[in-house]
Amino acid sequence: MLLKIMSKKDYENFLFKINQLNQLVELVNKSPEKYKLFISCKTHDDVVELAKQWGYEIGKRWGES
C-alpha cells in the first residue's frame, strides 16, 4: 500500500478548503433561500457546483493539484 505524505502545500490546501466550507456554512445558515437551494442538491457534484456559483471552491481534495 502506497502512503501519501501531506506536504506543506497540501496542508495549506486543506486549511483553505476548511475555510471555504466554514464560510459556505455561514452563508447558508444566514439565508433561508440559499439553505433551500443547498438542501435540494442531490449529489456531491451539485453541492460543489452551487458553492462555485456563490464564489467558493470546495471541489478539490487536499492531495489534488
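The values are calculated or read from the model by the stated rules, or taken from the named source; none is laboratory data. Worth saying up front: this structure is predicted, and the values here are computed from it rather than measured. Cβ: placed from backbone, ideal geometry, glycine included. Neighbour counts: every protein chain shown. Please note that ligands, DNA and RNA were not included when accessible areas were found on the heavy atoms of the full protein model with its side chains. Shrake-Rupley method; radii C 1.70, N 1.55, O 1.52, S 1.80 Å.
The C-alpha atoms of the chain define a longest principal axis, and helix 8-30 lies at about 10 degrees to it. Taking the charge dipole of the chain about its Cα centre, with +1 at Lys and Arg Cβ atoms and -1 at Asp and Glu Cβ atoms, the residue from L15, V47, P32 reaching farthest to the positive side is L15.
How do K34, K9 stack up against each other in accessible area, from largest to smallest, with a 1.4 angstrom probe?
Correct descending sequence by accessible area is K9, K34.
Can you give the local net charge around H44? Use residues other than it whose beta-carbon is closer than 14 angstrom to its beta-carbon, Lys and Arg +1, Asp and Glu -1. Walk me through the numbers on the way to the answer.
Details: positive: K17, K42, K52, K60, R61; negative: D45, D46, E49.
Every neighbour counted, the sum reads +2.
If you line up the long axis of helix 44-53 against the longest principal axis of the chain, both from Cα atoms, how many degrees apart are they, to the nearest 10? Orientation of helix 44-53: about 70 degrees from the principal axis.
Using alpha-carbon pairs under 8 Å, 6+ residues apart, how would you state the relative contact order of the chain in percent? Could you put the intermediate results ahead of the total?
On the way: 32 pairs, mean separation 27.5, N = 65.
After rounding, I find 42 percent.
Helical content of the chain, expressed as a calculated mean residue ellipticity at 222 nm, amounts to -20000 deg cm²/dmol (DSSP H runs of 4 or more residues, -39,500 (n - 2.57) each, divided by residue number, nearest 500). At a probe radius of 1.4 angstrom, the accessible area of the chain per residue rounds to 84 square angstrom. Take the Cα coordinates of the chain, assign each an equal point scatterer, and use the Debye formula without solvent to give log10 I(q)/I(0) at q = 0.13 Å⁻¹. For the chain, the Cα-only Debye profile gives -0.42.
The charge dipole of the stretch 24-63, taken about its Cα centre with unit charges on the Cβ of Lys, Arg, Asp and Glu (plus for the first two, minus for the last two), comes to roughly 60 debye.
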